[in-house]
């Protein structure tokens, strides 16, 4: 009898190896890619699936994923990365997918000790338990370092043909890949933006200052320079022309929490958004930032247009000491 598994496929080397190992044992593989707003290199999973000859299903986060980021049960890593909680979330959805398609177990390319936040043995046990998978979750690259799972005990896979990889080294993994016919070895992924220190500063600022933040607010974190005026007010300034257009588009969306968009009236410079109260202080601060980051002034009387839902105001911006010394949330 042929057994069927669901294997998480990021497109990285480990997940590709996990699939190839299952194929070598005659197990039918369904690949599943989990996409969040913070995951990089999403296109790698499609390329890897084609190379491995497996069907790929992509699933996205639900809104409850953001609640996980705001208050993870198992804490953060060095950045704003709630890796253990995130893996549990992913495997919960993988289990649901497994049940929907009638597969028998879940496979992951995790390697014991490879990632300090989520791949220590105790973390792997925590993930298996809290995702309600228990020993239906097989990690073939490190299986021999872990207790036998149900697929191994039942003979669905041969434990003798699984591995005992440990740690962060890639040399032996690459050797295994070549022996299994994987010639196009992917470079290490940039991974999740939540692990990046500068991006994490913006995430922590958002969840602390705006505890009721919504998906739109998290999407905004990926665009522009972010400045905090006070606990209620943030200003986001475009860094390039494409971001200026993106900020104006985001402001126009129904779910937008920005209260005003700013545009240079008679000079070349960035667009900006005010998130929070639009008053004289926030408008002066935001317009000053637009002037500070202007490309070039071809006028002695620069003006900035400020559009709210109710009004259009044109102001003469001033770059005072506070604006000149303002630091972004990623500094």
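The values are calculated or read from the model by the stated rules, or taken from the named source; none is laboratory data. Being a predicted model, the structure only gives us computed values, none of them experimental. Don't worry about glycine lacking a Cβ; one is built from the backbone with ideal geometry, like all the others, and counts go over all protein chains shown.
Filter the stretch 54-78 for residues that are touching a strand residue (DSSP E or B) at 6+ places or on another chain (Cβ under 9 Å), in a loop (DSSP other than H, G, I, E, B) and modelled with pLDDT of 90 or more and give the result.
Filtering the stretch 54-78 for residues touching a strand residue (DSSP E or B) at 6+ places or on another chain (Cβ under 9 Å) gives 54-61.
So of that shortlist, the ones also in a loop (DSSP other than H, G, I, E, B) come out as 54, 61.
Of everything in the stretch 54-78, just one residue is touching a strand residue (DSSP E or B) at 6+ places or on another chain (Cβ under 9 Å), in a loop (DSSP other than H, G, I, E, B) and modelled with pLDDT of 90 or more, namely 54.
Could you please let me know if residue 126 is in contact (Cβ under 8 Å) with a residue 40 or more places away in the chain, outside the structural domain of residue 202 (by TED's automatic domain parsing) and in a strand (DSSP E or B)? Judged against the criteria, residue 126 is not a match.
Take residue 164 and decide whether it is outside any loop (DSSP other than H, G, I, E, B), surrounded by fewer than 20 Cβ atoms within 10 Å (Cβ to Cβ) and at pLDDT 95 or above. When the stated conditions are applied, residue 164 does not pass them.
Output yes when any residue across the stretch 45-58 is under 24 Å from residue 126 (Cβ atoms) and in contact with a helix residue (DSSP H, G or I) (Cβ under 9 Å, 6 or more places away or on another chain), and no when none is. So far as the stretch 45-58 goes, no, none of its residues is under 24 Å from residue 126 (Cβ atoms) and in contact with a helix residue (DSSP H, G or I) (Cβ under 9 Å, 6 or more places away or on another chain).
Could you tell me whether the stretch 135-148 includes any residue that is at positive phi and either in a loop (DSSP other than H, G, I, E, B) or in the same structural domain as residue 72 (by TED's automatic domain parsing) (or both)?
Start the filter on the stretch 135-148 by keeping residues that are at positive phi, which leaves none.
No; the residues of the stretch 135-148 include none that is at positive phi and either in a loop (DSSP other than H, G, I, E, B) or in the same structural domain as residue 72 (by TED's automatic domain parsing) (or both).
Kindly check whether there is at least one residue in the stretch 300-307 that is touching a residue at least 24 places away in the same chain (Cβ under 8 Å) and closer than 30 Å to residue 70 by Cβ. Spell out the reasoning first.
Here is the first cut: in the stretch 300-307, the ones touching a residue at least 24 places away in the same chain (Cβ under 8 Å) are 301-307.
Then drop every residue that is not closer than 30 Å to residue 70 by Cβ, which leaves none.
Scanning the stretch 300-307 turns up no residue that is touching a residue at least 24 places away in the same chain (Cβ under 8 Å) and closer than 30 Å to residue 70 by Cβ.
Among the residues of the stretch 54-66, just one is surrounded by 11 or more Cβ atoms within 10 Å (Cβ to Cβ) and free of Cβ contacts under 8 Å to residues at least 12 places away in the same chain, namely 62. Of everything listed in (1) over 14 Å from residue 329 (Cβ atoms); (2) free of Cβ contacts under 8 Å to residues at least 24 places away in the same chain; (3) surrounded by fewer than 17 Cβ atoms within 10 Å (Cβ to Cβ), the single unmet condition for residue 251 is (3).
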